[in-house]
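Here is the structure we will look at.
Derivation of every value follows stated rules applied to the coordinates shown; laboratory data play no part. What you see is a predicted model, and the numbers here were worked out from it, not measured in a lab. Ideal geometry is used to build each Cβ from the backbone, glycine not excepted, and the neighbour counts take in all protein chains shown.
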Amino acid sequence: MKHASVLIIDDNQLDRYILSRLLKKTGHEGRVFEANDGQDALDFLKDYQARKEEYSDDFPPAVIFLDINMPKIDGFEFLEKFSALKKDNPEYESIVFMMFTSSDLVEEKEKAFSYHFVKDFLLKGDLDIELLKQKLDDFLCN
């Protein structure tokens with residue numbers, strides 16, 4: 001597995017912790033950034049140059065795990081705002097998004113995949129080490 005950083009955007013601290021632990025158990029060695037909601041994540045991503053200087057090769061994250069239901073800015077609002085942010089920051093073009101949610105609504109899945117950079121839709125309760133390793137390998141090794 002390629003050394004790559006990830007960003008977990010989720011308002012639930014326990015869910016962020018569980019995903020971080022699962023990432024470690026897959027052998028993932030990259031930095032794990034965390035954001036409490038879409039607004040915190042946007043604030044983190046806004047100043048590309050400053051973050052690049054601060055985190056060097058760990059920025060931008062190669063993968064973003066994004067929850068849907070969050071306060072301030074939810075997952076879909078984040079995707080919309082990220083689309084606009086990406087226009088000014090072509091370095092973000094290669095970021096792979098994986099929705100990481102407890103929602104299994106077909107409408108939400110369809111809406112998520114309407115964004116070309118969303119590559120997967122993972123249900124929190126169904127995620128295990130092997131599945132996560134496979135997903136990371138699929139998106140980071142190709």
| Which one of I18, I9, I73 is among the β-branched types (V, I, T), farther than 20 Å from K119 by Cβ and crowded, with 17+ Cβ neighbours inside 10 Å? | I73
| request: Go through the stretch 1-49 and give me each residue that's part of a loop (DSSP other than H, G, I, E, B), under 11 Å from L66 (Cα atoms) and of a type in the set (D, E). | output: D10, D11, D37
| Residue list for the stretch 114-131, restricted to those being of a type outside the set (V, I, T), within 13 Å of the chain's Cα centre (by Cα) and not in a loop (DSSP other than H, G, I, E, B) | K119, D120, F121, L122
| said: I'm trying to understand the selection: among the residues of the stretch 94-113, which are part of a helix (DSSP H, G or I), of a type in the set (A, V, I, L, M) and in contact with a helix residue (DSSP H, G or I) (Cβ under 9 Å, 6 or more places away or on another chain)? | reply: A112
| task | Please work out if F59 is more than 20 Å from L132 (Cα to Cα) and either without any contact (Cβ under 8 Å) to a residue 40 or more places away in the chain or of a type in the set (A, V, I, L, M) (or both). | result | no
| field | Residue check, F121 crowded, with 17+ Cβ neighbours inside 10 Å, free of Cβ contacts under 8 Å to residues at least 24 places away in the same chain and of a type outside the set (G, A, S) | value | yes
| query | Could you say which residue among Y48, Y55 is over 22 Å from L123 (Cα atoms) and touching a helix residue (DSSP H, G or I) at 6+ places or on another chain (Cβ under 9 Å)? | reply | Y48
| note | Quick count over the stretch 70-126, residues being over 17 Å from P60 (Cα atoms), in contact with a Phe, Trp or Tyr (Cβ under 6 Å, 6 or more places away or on another chain) and of a type in the set (S, T, N, Q), is 0
| note | In the stretch 21-54, anything touching a Ser or Thr at 6+ places or on another chain (Cβ under 8 Å) and buried (at least 17 other Cβ atoms within 10 Å of the Cβ) is listed as G30, V32, F33, E34
| message | Quick check on L66: is it touching a Lys or Arg at 6+ places or on another chain (Cβ under 9 Å), of a type in the set (A, V, I, L, M), crowded, with 16+ Cβ neighbours inside 10 Å and touching a residue at least 12 places away in the same chain (Cβ under 8 Å)? | response | no
